[in-house]
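Heads up, the thing below is written out as structure tokens.
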């Protein structure tokens, strides 16, 4: 099966063709916003994540996020806004991970156009804005000349997260995603799932699917470490989960919630456990050790996903989806919304939900039939069809998943 994508010089394939304006540190966000508000075809990262007061581990994560977003195949070109971390005049002074020039060099390994806008070197903010706008326009014009060409399932990298889980999630929504993942992996593609809190109670089931004993040990260790971290604060993840809206949706234990959640992973072997925003070493299915909601999609995009899926149930989601949803969680990777709950789809409507596997729950369609529909939807989106979230120009600030205290 084929879609029309953008083949990059490094062999990867984009399903979008963004010019990414990447501010290294929150101080350059205003400049980046002015650029994307002026130049069509550009996008940016809104975050307050910076290196001051962070641990070495968290600064490494932030650096991995910046480089990963720039390397994402949906970015046709990258304009890095920042400076040298060795300069006392630069906001990232003393934090080597926030050196804009080093980040640009890492991104340029993909052979895509990469430029640095150094505000201090340009003289002041307004001179930098003028140069950056001109540079972004040139990049956008060049990107607009690129043509889509036939690509296969092996060129897709898709991340998924489920949320607002209810009984329909484990019966219809997640199994349909799992069928899709199996097909993509059979076709040579790559898939991500994550959220440590949604494998607790089912980690032993996932460990049996590990490609190697080492991966099995890592899966068990991820769940155990997260439980121990919660216990150190006086919280027990097995008692505060499921949440009230999960219980209202028919889920009675954390084990039941997790067993339903892992159905979205399909049946293929798990090739590895990734750190947040870490790129995989090969093809296949990977687990990312990441927290939930907005940050996880940023992590998937930094790891190379060209499309992310948010599979929702019904508990609490129907009221939330009355409002249009943001499209920026993956910055350059579009987000599509899916549900297995017929009431959620009826409430939110096709203007907010891209796909419904509700007929599986209603007994009028099999998982395989819904999976085929979903695969066709994915191929349409990969070929250029906008997701419902993409039709709205709204950006939320999104933070990476950092682990340590802020000193």
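Here, each number is a calculation from the coordinates, and none is a lab measurement. These numbers were taken from a predicted model, which means no experiment stands behind them. Please note: Cβ atoms are built from the backbone with ideal geometry, for glycine as well, and neighbour counts cover all protein chains shown.
Relative contact order of the chain, taken over Cα pairs closer than 8 Å and 6 or more residues apart, is 21 percent. Counting only Cα atoms, the size of the stretch 197-257 along its three principal axes is 38, 27, 10 Å, in decreasing order.
Counting only alpha carbon atoms, the long axis of helix 29-38 and the longest principal axis of the chain meet at about 90°.
With neighbours defined as other Cβ atoms within 10 Å of a residue's Cβ, the residues 160, 116 order from fewest to most as 116, 160. By the Stokes-Einstein formula, at 1.567 mPa s and 4 °C, the stretch 250-291 with its Kirkwood radius over alpha-carbon pairs has D equal to 109 µm²/s.
Specify the angular offset, from 0 to 90 degrees and rounded to the nearest 10, of the alpha carbon long axis of helix 125-144 from the longest principal axis of the alpha carbons in the chain. The helix 125-144 is inclined about 60 degrees to the chain. Remark on the stretch 256-315: Rg and Dmax equal 12.1, 37 Å (Cα only).
Per the Kirkwood formula on distinct C-alpha pairs, the Rh of the stretch 18-144 is how many angstrom?
14.3 Å
The angle between the Cα long axis of helix 174-186 and the main principal axis of the chain comes to about 60°, on a 0 to 90 degree scale. A viscosity of 1.002 mPa s and a temperature of 20 °C, combined with the Kirkwood radius over Cα pairs in Stokes-Einstein, give a translational diffusion coefficient for the stretch 69-166 of 135 µm²/s.
Put in line by how crowded their Cβ is, counting other Cβ atoms within 10 Å and starting with the fewest, 293, 3, 310 read 293, 3, 310. Compactness of the stretch 152-391 is given as radius of gyration and Dmax, 16.5, 48 Å, from Cα positions.
If you scale each eigenvalue of the Cα gyration tensor by 5 and take the root, what three semi-axes come out for the stretch 250-406, rounded to whole angstrom and sorted largest first?
24, 20, 18
Counted by neighbouring Cβ atoms within 10 Å, the residues 84, 283, 263, 147 run from fewest to most as 147, 283, 84, 263. What do you get when you divide the Cα radius of gyration of the chain by 2.2 N^0.38 Å, with N the number of residues? Here the answer is 0.97, to two decimals. Converting the Cα gyration tensor eigenvalues of the stretch 336-407 into ellipsoid dimensions via √(5λ) gives semi-axes, longest first, of 29, 17, 14 Å.
The peptide list 163-172, 180-189, 232-241, put in order of mean Cβ contacts within 10 Å with the highest first, becomes 163-172, 180-189, 232-241.
Taking only the Cα atoms of the stretch 149-194, the ratio Rg/Rh comes out at 1.06, with Rh defined as the Kirkwood radius. I need the shape label for the stretch 94-139. Rule: rounded when a/c is under 1.5, else prolate if a/b > b/c, else oblate, with a, b, c from the alpha carbon gyration tensor. Cα axes put the stretch 94-139 in the oblate bin. Calculate how many DSSP beta bridges within the chain are antiparallel, expressed in % of all such bridges and rounded to the nearest 5. In the chain, approximately 15 percent of DSSP beta bridges are antiparallel ones. Whole Å is fine, so just give me how far the alpha carbon centre of the stretch 55-122 lies from that of the stretch 202-254. Taking the Cα centre of each part, the stretch 55-122 and the stretch 202-254 sit 35 Å apart.
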